[in-house]
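**Q** One structure, as structure tokens, below. Some questions next.
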Amino acid sequence: MKEIYRIIRKFGVTSNYKGYYFVADAIELAMNSQGKPIMITKDIYPYLAGKYNTTTMNIEHDIRTVISVCWETNKKEMDEIVGYSLTYKPTNSEFIDMVAYYLCCHKMQ
């Protein structure tokens, strides 16, 4: 989990954002589901909503806010993570997938 927080902070997001913890948990869930598809609206949002005693809509919104901050604050770091220049702000599921993939690949090296 420490590596996940490091990456999120590298993007310019701190724990002042509610979505900080939601994004970190979502990335960890994605990393732990290797080999099987994980659906953000059916698997991740409901799990996080239950864990944090909130709604799936709040989870989705707060994750989107974190991604917007990342996009506006440090797009260069996002480009480095995916390995090419992003032309649009990633969706919640794209962002979670790209960070999870990056962390999984770097653990294997």
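The values are calculated or read from the model by the stated rules, or taken from the named source; none is laboratory data. These numbers were taken from a predicted model, which means no experiment stands behind them. Here the Cβ is made from the backbone with ideal geometry for all residues, glycine too, and neighbour counts use every protein chain on show. Heads up: the accessible areas ignore ligands, DNA and RNA and are worked out on the full protein's heavy atoms, side chains in. Shrake-Rupley method; radii C 1.70, N 1.55, O 1.52, S 1.80 Å.
**Q** Keeping all protein chains in place, calculate the accessible area per residue for the chain (probe 1.4 angstrom), answer in Å².
**A** 59
**Q** Defining a contact as two alpha carbons under 8 Å apart and six or more residues distant in sequence, what relative contact order in percent does the range 48-98 show?
**A** On the way: 22 pairs, mean separation 16.5, N = 51.
Reported relative contact order: 32 percent.
**Q** Using only the Cα atoms of the range 47-109, what do you get for the radius of gyration and for Dmax, in Å?
**A** 13.3, 38
**Q** Viscosity 1.567 mPa s, temperature 4 °C: Stokes-Einstein D of the chain from its Kirkwood Cα radius, in µm² per second? Spell out each step's value before the answer.
**A** Details: Rh = 13.9 Å.
In µm²/s, the coefficient rounds to 93.
**Q** Got the relative contact order for the chain handy, in percent, Cα pairs under 8 Å and 6 or more residues apart?
**A** Working: 95 pairs, mean separation 36.8, N = 109.
Averaging sequence separation for qualifying contacts and normalising by length gives 34 percent for the chain.
**Q** Counting only protein heavy atoms, what percent of the accessible surface of the chain is carbon or sulfur at a 1.4 Å probe?
**A** 52
**Q** Ok, one more. Among 34-40, 52-58, how do they line up from the highest to the lowest mean number of other beta-carbon atoms within 10 Å?
**A** Result, highest mean first: 52-58, 34-40.
**Q** Place the peptides 24-33, 10-19, 75-84 in order of packing, highest mean first, counting for every residue the other Cβ atoms within 10 Å and averaging per peptide.
**A** Top to bottom by mean Cβ count within 10 Å: 24-33, 10-19, 75-84.
**Q** For the range 1-55, what does the alpha-carbon gyration tensor say about shape, rounded, prolate or oblate, given a ≥ b ≥ c as the root eigenvalues, a/c under 1.5 as rounded, and a/b over b/c as prolate?
**A** Values: a/c = 2.59, a/b = 1.27, b/c = 2.04.
In terms of gyration-tensor shape, oblate.
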